[in-house]
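Have a look at the structure below before the remarks.
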Amino acid sequence: MNLIRTTTSVGAFLLALTLVGCAHNQQTTPTQPGPEPMPIQGDSLDGSPHVLLGIPIDADPSDDYLLNRKYWAASYNPKRLDANWVSWQLLAADLGNTDRTDAFAEDLALPDSIRKVTPKDYVHSGYDKGHMCPSADRTSTVEANTATFLMTNMQPQLHVLNAGPWEGLERYERSLAMQGKQLEIIAGAVFTNSTETIGPGIAVPTANFKIVVVMNPGQTAGDVTESTPVYAVIMPNTQEAKGTKWTQYLVSVDEVEQKTGYDFLSKVPEAVQKVIEARVASTP
């Protein structure tokens, strides 16, 4: 009887050890990693003055096709047929007497794998071909002005936004450039899951954002300080924009990052970023 009890106890003990070992192995088995996001594709932006303060990046680079143009830089979204963002530097030297060319054109530099939006895709849509980098920011030469009319620089905008508060902020930016300032500007779209489309599937932003950093000529990201003026706005692409002023839409850079998922001003020293990105600029 004693032998039976001992054998039974040893068996139970060994079984318990086996079960514990199995459970331990299950807990420590590493989780298989998910698929890596596709790398950012397109042009290199190394050395571009238009991303002086950093290339905006989000968590999914698979829909960021970078465009390095002479007069602006952008991340183009092949799925939405829109720019995620367009970035450019503005100086007094960019402003001249060249007339608006109105030379809207598809961007032939895009690869064949990406559908090229044409001006006709906006016809009867109810939306303007809204510039991100404005035509009036590039009036030094005909070449510079023509470059702003590529369709990769456009967003579908209601006229009340495009010719209203959006244009108002553009005029203010140029006034600062004419005062001798160097402006680093990023503009783009805020989308929702229920985004409307026009033409061949061009996504209509629910709002547009802009970030404007006001510097002195020749300065770089390391020269940005806590006192550097930074203006950020999110403007609704709805009839609500009618009759409004751009100053009504001032927000923090942090809010733009939260709405878009992009990280901006990444080359600015981190301690400075925390201050200027959390602040809402005062009305000028």
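The values are calculated or read from the model by the stated rules, or taken from the named source; none is laboratory data. Fair warning: this is a prediction, and the values are worked out from it, not measured in the lab. Cβ coordinates were reconstructed from backbone atoms using ideal geometry, including for glycine residues, and neighbour counts include every protein chain displayed.
Descriptive notes on the structure:
- Checked against (1) polar (S, T, N, Q); (2) under 17 Å from VAL51 (Cβ atoms); (3) in contact with a helix residue (DSSP H, G or I) (Cβ under 6 Å, 6 or more places away or on another chain), THR283 passes all but condition (2).
- Options SER140, SER135, SER113; residue that is over 22 Å from THR195 (Cβ atoms), at pLDDT below 95 and either surrounded by fewer than 24 Cβ atoms within 10 Å (Cβ to Cβ) or aromatic (Phe, Trp, Tyr) (or both): SER113
- Pairs with Cβ under 9 Å, 6+ apart, first in the stretch 255-277 and under 14 Å from ILE211 (Cα atoms) and in contact (Cβ under 8 Å) with a residue 60 or more places away in the chain, second hydroxyl-bearing (Ser, Thr, Tyr) and not in a loop (DSSP other than H, G, I, E, B): TYR262/SER75
- Of the residues making up the stretch 193-217, those that are closer than 15 Å to LYS259 by Cα and within 15 Å of the chain's Cα centre (by Cα) number 7.
- Residues located in the stretch 116-131, provided they are assigned to a loop (DSSP other than H, G, I, E, B), touching a residue at least 60 places away in the same chain (Cβ under 8 Å) and crowded, with 16+ Cβ neighbours inside 10 Å: VAL117, TYR127
- Test: residue in the stretch 188-198 that is of a type outside the set (A, V, I, L, M, F, W, C), modelled with pLDDT of 95 or more and within 23 Å of HIS50 (Cα to Cα): yes
- Residue check for THR148: under 24 Å from ALA232 (Cα atoms) and of a type in the set (Val, Ile, Thr): yes
For every residue, the table says whether it meets (1) of a type in the set (A, V, I, L, M); (2) within 24 Å of ILE57 (Cβ to Cβ); (3) without any contact (Cβ under 8 Å) to a residue 12 or more places away in the chain.
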position: LEU110; (1), (2), (3): yes, yes, no
position: THR139; (1), (2), (3): no, no, no
position: ALA144; (1), (2), (3): yes, no, no
position: PHE149; (1), (2), (3): no, no, no
position: MET154; (1), (2), (3): yes, yes, no
position: ARG174; (1), (2), (3): no, no, no
position: ALA187; (1), (2), (3): yes, yes, no
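- Members of the stretch 224-245 that are within 19 Å of VAL204 (Cβ to Cβ), among the aliphatic types (A, V, I, L, M) and not in a strand (DSSP E or B): ALA241
- Subset of the stretch 189-206 [in contact (Cβ under 8 Å) with a residue 24 or more places away in the chain and either among the acidic types (Asp, Glu) or touching a Phe, Trp or Tyr at 6+ places or on another chain (Cβ under 9 Å) (or both)]: ALA189, VAL190, ILE198, GLY199, ILE202, ALA203, VAL204, PRO205, THR206
- Within the set GLU270, GLU257, the sole residue that is farther than 15 Å from GLU173 by Cα, surrounded by 16 or more Cβ atoms within 10 Å (Cβ to Cβ) and not basic (Lys, Arg) turns out to be GLU257.
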